[in-house]
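In what follows, a structure is listed as structure tokens, so that the remarks can point back to it.
The values are calculated or read from the model by the stated rules, or taken from the named source; none is laboratory data. Computed from a predicted structure; not experimentally measured. Note that we place each Cβ from the backbone using ideal geometry, even for glycine, and neighbour counts take in every protein chain shown. Only protein heavy atoms, including side chains, enter the accessible area calculation; ligands, DNA and RNA are left aside. Shrake-Rupley method; radii C 1.70, N 1.55, O 1.52, S 1.80 Å.
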Amino acid sequence: MSDQPPPYTPLPLLSSFPPDPYPDQTPEPASTPTLVLPNPAFPNKRKRTGFRRKLPSGSPAAPVAVAASPSAQPPPPASAADDIIVINREPTAEAVTALTAGFPADSLTDEEIEAGVVSDVGGIEQVNYILIRNHLLTRWRETFNSWLAKESFATLIPPHCDHLLNAAYSFLVSHGHINFGVASAIKERIPKEPTRPNTVIVVGAGLAGLAAARQLVAFGFKVVVLEGRKRCGGRVYTKKMEGGGRSAAGDLGGSVLTGTFGNPLGIVAKQLGLPMHKIRDKCPLYRPDGSPVDPEVDKKVEGTFNKLLDKSSLLRASMGDVAMDVSLGAALETLRQTDGDLSTDQEMNLFNWHLANLEYANAGLLSKLSLAFWDQDDPYDMGGDHCFLPGGNGRLVQALAENVPIVYERTVHTIRYGGDGVQVVVNGGQVYEGDMALCTVPLGVLKNGGVKFVPELPQRKLDSIKRLGFGLLNKVAMLFPHVFWSTDLDTFGHLTEDPSHRGEFFLFYSYATVAGGPLLMALVAGEAAHNFETTPPTDAVSSVLKILRGIYEPQGIEVPDPLQSVCTRWGTDSFSLGSYSHVAVGASGDDYDILAESVGDGRLFFAGEATTRRYPATMHGAFISGLREAANITLHANARAAKSKVEKGPSTNTQACAALLMDLFRQPDLEFGSFSVIFGGKASDPKSPAILKVELGGPRKKGATEGGKADQHHSNKLLFQQLQSHFNQQQQLYVYTLLSRQQAMELREVRGGDEMRLHYLCEKLGVKLVGRKGLGPGADAVIASIKAERNSSRTKTRPAKLKIGIPKSKS
């Protein structure tokens, strides 16, 4: 690493900035009164504890509109099915609870739509579903130590909405939004023996792996967790420090619960009866010589820092897509030079302290953070206090690991996946076989190629692994004989004169009130964190003591030598190779989504903080991703079980599927000429299955000869004519084939009529047209799944009369 500050390339200067890039343009439905409330899910955050700063006003975190109480709604229609139900008189408060839990206030999530929770998206049914869903979430937050039973809501929900209660309850349970954790009432529901034939191998026993494994065991799967370390928790590690009759528990990895309003780890802590210590706002700063920073200068520089961050948001808006190729560091340096108003050395040292704090919040050098997307997750901040957990976050880890089958010291180096299942190869050549695998290794390990995948991962996933950043934060934990610092604060900071060392011991955490002993933690961020990896521990501790003595000895306070010290080395830890992820230059939030995608037709899944675009770089993000993948694994297992049931069923299934096929093609998804198509799977997946039907004989349809010429010849023309010669205009022959959605769309674009399409189909795509029986049992499963999808997503013919009155914020 260079001893100089990271180089910045100045940007072209702008004479003026455009208006706010996030104007509030959210329309309000004229027919639905709304109540605009400040959104407690997105409060402004203190800058000095290393958390993301506030967004500019007018950003996606602006106040949201929440539906007024049902009594303020327009008169309901006459039919009971068209009524907005009344569960309680505080739907606004419950909508806010849903927001903090990650649900949109006025619409369905993509997962809810895919699950078919309502048959009429956007109508009254959706309004009532959302009211029920929000009520269930609110009740769960209030009764987290008990199993939330669906039956307890039967008297609150009108009979005509029973199906919505069933849908909401089933979705929330299966996706880990309610009835999760370590409460006795939850653990009692876990089956003592697996109830499913499927085996899932979880790679990694961090928070993501533990959350997924615990949920999968509760769902009845056979589970084995392979962990390379001698302990669980991964990058969450609470170290017990001892010496001189003193002891304390220090978090050497993840240490802060960032927001408690919707944080599921906050619920786990409450289930364990653990108090949470709010990190106090007071954070005094000290100059390099140990003297306190002038409060007025501190206030001025902090204001300048925030103003430049606001202007960087305006700058990226004016730059458009070009901002993806520019770093936040380059933008801030350009703005500082033109509008920084920093005239003294003390002001520059203070400004560099804020830059170090920003590098801590993102675990990345500012010269590598994306100007366009460095803060893309800010709108999803859960809100609430930032807290330490007395005794350390290891208490959460141990509770989540209870009764989870973990095999330690099993370093995974190869994962093979295919249609028949997975094989996971560990050190020593031992092979674990299963139906599915969940990979939760940190992004740093994936970047380094620490796990070999056979076959290789799709290129789009490899590209995302390369684009995303994975930064570094290190710590020096010191146990002292007694507390010599002030006990009325949890943090204090120290400035440096050398900008290249701005992140070196720039922030101190006091754990005296939560660790059980006089424990102090010094943080190392940015470029200094990388240099720290090769610094001898004795030198590091000596440097920290020099800083502390420079601060306290002028006050007449003696600073003793520590009883025990621990220096972290997360960058060279082979099981992490870094601390947490960030959006690097050239990357975007989409890369988190791509990392989360399963591969191998639902055989290999991925979880971890680097697989969630909403909550990256957080402990709760890792935990939530594990619950998410447990739901995805269950969905794929259920789909395979249904397919197997169809394939292994009696011969009557073939006749039933033939009748289903005839019924489905009465309303094809696509028609052109003599061709018609029905689709299965997700519309966003070009490889999802489709069934093509070709009608031979019967009256010629529009488009059958489109663009063709009388003298046009090709290799399939004779085949087409011979097939038709067997039948007159009153007789019809149907032939079929299986293909992908993408192939069907390509076929539709072929010009020259049916004859050219047949040529393209048989010679270019290489498919074979067969009769209904020739499709085989594989097609039966596709037919059954398409039928099921249509049943769950069939919309009502009547127009939607009302949408819930919570307009979506433009982001």
Output for the range 498-517, where each listed residue is in contact (Cβ under 8 Å) with a residue 60 or more places away in the chain and within 19 Å of PRO284 (Cβ to Cβ): ARG502, GLY503, PHE506, LEU507, TYR509, TYR511, THR513
Tell me, yes or no, whether the range 412-423 has at least one residue that is under 28 Å from MET319 (Cβ atoms) and surrounded by fewer than 16 Cβ atoms within 10 Å (Cβ to Cβ). no
Looking only at the range 534-553, which residues are open to solvent by less than 30 Å² (accessible area, probe 1.4 Å) and either closer than 29 Å to HIS582 by Cα or touching a Ser or Thr at 6+ places or on another chain (Cβ under 8 Å) (or both)? ALA540, VAL541, VAL544
Applying the selection to the range 319-369, what residues are of a type in the set (Gly, Ala, Ser) and free of Cβ contacts under 8 Å to residues at least 40 places away in the same chain? GLY320, GLY340, SER343
Has the range 321-331 got at least one residue that is under 16 Å from GLY503 (Cα atoms) and buried (at least 21 other Cβ atoms within 10 Å of the Cβ)? yes
Answer with yes or no whether SER184 is among the hydroxyl-bearing types (Ser, Thr, Tyr), closer than 22 Å to ARG603 by Cα, surrounded by fewer than 23 Cβ atoms within 10 Å (Cβ to Cβ) and at pLDDT 95 or above. no
Could you check how many residues of the range 226-255 are open to solvent by 20 Å² or more (accessible area, probe 1.4 Å), assigned to a loop (DSSP other than H, G, I, E, B), farther than 28 Å from VAL426 by Cβ and in contact (Cβ under 8 Å) with a residue 24 or more places away in the chain? 1
Take ARG640 and decide whether it is of a type in the set (Lys, Arg) and modelled with pLDDT of 95 or more. no
Can TRP147 be described as over 24 Å from the mean Cα position of the chain (by Cα) and either hydrophobic (A, V, I, L, M, F, W, C) or open to solvent by less than 20 Å² (accessible area, probe 1.4 Å) (or both)? yes
Could we say that VAL559 is touching a residue at least 60 places away in the same chain (Cβ under 8 Å), open to solvent by less than 20 Å² (accessible area, probe 1.4 Å) and assigned to a loop (DSSP other than H, G, I, E, B) here? yes
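A quick yes/no check of all residues on (1) of a type in the set (D, E, K, R); (2) outside any strand (DSSP E or B); (3) touching a strand residue (DSSP E or B) at 6+ places or on another chain (Cβ under 7 Å):
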{"site": "TYR360", "(1), (2), (3)": "no, yes, yes"}
{"site": "MET382", "(1), (2), (3)": "no, yes, no"}
{"site": "ARG395", "(1), (2), (3)": "yes, yes, no"}
{"site": "VAL404", "(1), (2), (3)": "no, yes, yes"}
{"site": "ARG410", "(1), (2), (3)": "yes, yes, yes"}
{"site": "GLY444", "(1), (2), (3)": "no, yes, yes"}
{"site": "GLY449", "(1), (2), (3)": "no, yes, no"}
{"site": "LEU457", "(1), (2), (3)": "no, yes, yes"}
Would you call ASP120 more than 26 Å from the chain's Cα centre (by Cα), surrounded by fewer than 20 Cβ atoms within 10 Å (Cβ to Cβ) and in a helix (DSSP H, G or I)? no
Give all pairs with beta carbons closer than 9 Å in which a residue from the range 635-646 that is within 20 Å of SER170 (Cα to Cα) meets a residue that is outside any helix (DSSP H, G or I) and open to solvent by 60 Å² or more (accessible area, probe 1.4 Å); count only pairs at least 6 apart in sequence or on separate chains. HIS636/ASP601; ALA641/PRO197
Criterion violated by VAL200 - all others in (1) open to solvent by less than 10 Å² (accessible area, probe 1.4 Å); (2) within 30 Å of ARG569 (Cβ to Cβ); (3) assigned by the TED database to the domain that holds ARG628; (4) among the hydrophobic types (A, V, I, L, M, F, W, C) satisfied: (2)
